[in-house]
Amino acid sequence: AQSVTQLGSHVSVSEGALVLLRCNYSSSVPPYLFWYVQYPNQGLQLLLKYTTGATLVKGINGFEAEFKKSETSFHLTKPSAHMSDAAEYFCAVSGLDTGRRALTFGSGTRLQVQP
Amino acid sequence: DTGVSQNPRHKITKRGQNVTFRCDPISEHNRLYWYRQTLGQGPEFLTYFQNEAQLEKSRLLSDRFSAERPKGSFSTLEIQRTEQGDSAMYLCASSGQGLVAEAFFGQGTRLTVV
């Protein structure tokens, strides 16, 4: 079975600072990996995904993530935080036991951006 | 199309009552998923439909939970004899064809059992 661990339930950065949200996964097969963002009272929105190919994946709103197989990691970064980035971020891996249809999510990291 | 729609947005019910939630997916999407999200946790997969066929339901939390998608369009999730532990956000998502087609999520139905 797959699992996802997000290190740090809360991360606080200053506006303009680097954002780094950590995600480690466990999967017995090559994983498909995702980052979603959830704003208050909103549904989850896909930021980016890794399936195959280039290990550095660029997403929306200036975010990117790098798949590192040797470290079983898929950390999310953004060079310069903006106030509008404050939200909850979820890392997810596709569920092989459902034919890669469903997602297994981490417990989330709440990002605060200080002015 | 305005995306995945879930109704109601909020539901307060007394313990022991039955509740039903509705999800209208994006019209051209043939896959539909239900997830549950409790406070401080990520969404937890419950069940999945491809068209009207329920292809995975072993993750439903108990036999009090059931889901249908009778015509391959909208779906309902029913919880019978609700318990306080059922209080959570219930999320619906839909996606098109393709192994890693993006799943689009609705805003969820927040259930409070009192």
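Between A:T52 and B:K71, the FRET efficiency estimated from the beta carbon spacing at R0 = 35 angstrom works out to 0.50.
Checking the Cα-Cα distances for A:K49/B:K57; A:K49/B:K11; A:K58/B:K57 against a 28 Å cut-off, the pairs over it are A:K49/B:K11; A:K58/B:K57.
Extension gain A:S107-A:S3, at 0.36 nm per residue separation less the Cα-Cα distance, in nm? Result: 36.4 nm gained on full extension. When both the range A:1-39 and the range B:51-83 are represented by their alpha-carbon centers, they are found 29 Å apart.
Legend: calculated FRET efficiency, B:K14 to B:L55, from the Cβ-Cβ distance at R0 = 25 Å, rounded to 0.05, equals 0.15. As a length-normalised measure over Cα pairs under 8 Å and 6 or more apart, the relative contact order of chain B settles at 36 percent. Sequence-distant or interchain residues sharing an amide H contact under 5 Å with B:A103, placed H: which? Amide H neighbours of B:A103: none.
Values in this text are rule-based calculations from the coordinates and carry no lab data. None of the values given here were measured: they were computed from a predicted structure. FYI the Cβ positions are ideal-geometry reconstructions off the backbone, even for glycines, and counts take in every protein chain you see.
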